[in-house]
Amino acid sequence: MNGQNVDVVVIGAGQAGLSAGYFLHRDGLAPESGYVILDGDDGPGGAWRHRWRTLRLDGVHGIHDLPGMALGPADPARPAAEVVADYFRTYEREFGLPVHRPVRVDAVRDRSDGRLDVVSAAGTWTARALINATGTWTRPFWPRYPGQESFRGRQLHTADYRGPEEFAGEHVVVVGGGTSAVQLLGEVSEVAGTTWVTRRPPEFRVGEFTPQEHGRAAVAKVDERVRAGLPPASVVGVTGLVDTPRTRELRERGVLRRLPMFDRVTPEGVAWADGRFVRADVILWCTGFRAALDHLAPLRLRAPGGGITMDGTRVVADERIQLVGYGPSASTIGANRAGRAAVREIRRLLRPTSAR
């Protein structure tokens, strides 16, 4: 691979990137000459391929079917990482999507002729428009607390978690109030002692998560922030925690007894200003992710508020750039809709006289 001139480059082949690819395909752009999809991973699956082996699809809020092809029944005994990777692989083949991998984009730069250079070690693609679908998985967020560097045990992030077995017989402090924190806390508590700490008291919502009712409300809240040029909050974080049979079982076992956030880390554990101390072998930071957008830095898209001002999927500061999997579309709820919207915007840009 050494790059080429195309109309559109899509960066990322997760749910949002594949959705965008589908609509580019349906819009009549030719694979390779009209558009390409550059993916940094070694194989299909997006962020899902990196999820821990014990995660099953029934343990998440759900995954929407990609446009044009349903996932179909999934074996509940198989890891979600395998199920989704197989689904994405089949999807890429079915629609002949031109996915190049592994291609890690280092930078996107403006050109004097109005096009964009998408630069990677595998080559440089020159494009008239860009759909960025890099998600968040490659940018885990690690908060900083006094004494953190002195801790003699292990510190891991959700992105590093591979299963509970490695914690057998240890005491693990799980930090974070999101869905992943509760999932990992429950698994680890089966083989180890646990302490759960969160910045705010967790709120559990009674009833099943429904994309129509709860998902749309969550997306609307995040959309308000990105339209104002503020860093997006997590869609999953906004949806809150669902009170399920699993969480009720954890509550009965005492696993969900939450402590407020500690004030400092010591060599042997974590401590609070009131003198409380918890010994720990491991601190597991389930503290979320940030948008992976460093490669867009040369374009200077950041607003004074620290985020990127958006109008739907379009970057207000540069109409050539569409962000999917960012802000309100950083979930399976919004990814398909965002892919369609991004291609509609690009159609107006590339073929303004024929846009409807």
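FYI, it's all coordinate maths here, none of it is from the lab. These numbers come from a predicted model, not from an experiment. Neighbour counts are summed over all protein chains in view; Cβ atoms, including those assigned to glycine, are modelled from backbone coordinates with ideal geometry.
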TODO: Note down the Stokes-Einstein diffusion coefficient of segment 233-347 in µm²/s, whole number, using a Kirkwood radius over alpha carbon pairs, 20 °C, and 1.002 mPa s.
DONE: 118 µm²/s
Open item on the list: Can you work out the Karplus-derived ³J(HN,Hα) for every residue in segment 133-149? Use 6.51 cos²θ - 1.76 cosθ + 1.60 with θ = phi - 60°, whole Hz, and x for glycine or proline.
Closed with: 9, 8, x, 9, 4, 7, 10, x, 9, 10, x, 10, 10, x, x, 4, 6
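Based on the mean of other beta carbon atoms within 10 Å per residue, what is the order of 66-73, 180-187, most packed first?
180-187, 66-73
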TODO: Work out how much length R93 to R162 would gain on full extension: take 0.36 nm times their residue separation and subtract the Cα-Cα distance, in nm to one decimal.
DONE: 21.9 nm
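Run the numbers for E249 and L349: contour at 0.36 nm per residue of separation, minus the present Cα-Cα distance, in nm.
30.7 nm
How long are the three semi-axes of the equivalent ellipsoid for segment 136-193, computed from the Cα gyration tensor as the root of 5 times each eigenvalue, in whole Å, largest first?
Numbers: eigenvalues 69, 52, 22 Å².
After diagonalising the Cα gyration tensor, the semi-axes are 19, 16, 10 Å.
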Task: HN-Hα J in Hz across segment 104-116 - Karplus 6.51, -1.76, 1.60, θ = phi - 60°, x for Gly and Pro - done: 9, 6, 8, 7, 10, 10, 6, 10, 5, 8, x, 8, 10
Open item on the list: For a protection proxy built on the mean count of beta-carbon atoms within 10 angstrom, sort 311-322, 110-121, 126-137 highest first, please.
Closed with: 126-137, 311-322, 110-121
Task: Sorted largest first, extent of the chain alpha carbons per principal axis (Å) - done: 67, 44, 37
- [ ] Go from 0 up to the bin containing the longest alpha carbon distance in segment 1-146, width 5 Å each, and give me the % of pairs per bin.
- [x] 2, 9, 18, 20, 18, 13, 9, 6, 3, 1, 0, 0
TODO: Tell me which residues come under 5 Å, amide H to amide H, from T195 once H is placed; ignore anything under 5 positions away on its chain.
DONE: V172, V173, V174
- [ ] Given the peptides 44-51, 29-36, arrange them by the average over their residues of other C-beta atoms within 10 Å, most packed first.
- [x] 44-51, 29-36
Task: Computed lengthening from R154 to E32, 0.36 nm per intervening residue step minus Cα-Cα distance - done: 39.4 nm
Task: Helix-only CD estimate at 222 nm, as mean residue ellipticity for the chain, using -39500 (n - 2.57) per DSSP H run (n ≥ 4) - done: -7000 deg cm²/dmol
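How high is the FRET efficiency between A273 and E319 when r is their beta carbon distance and R₀ equals 56 Å, given to the nearest 0.05?
That gives a FRET efficiency of 0.65.
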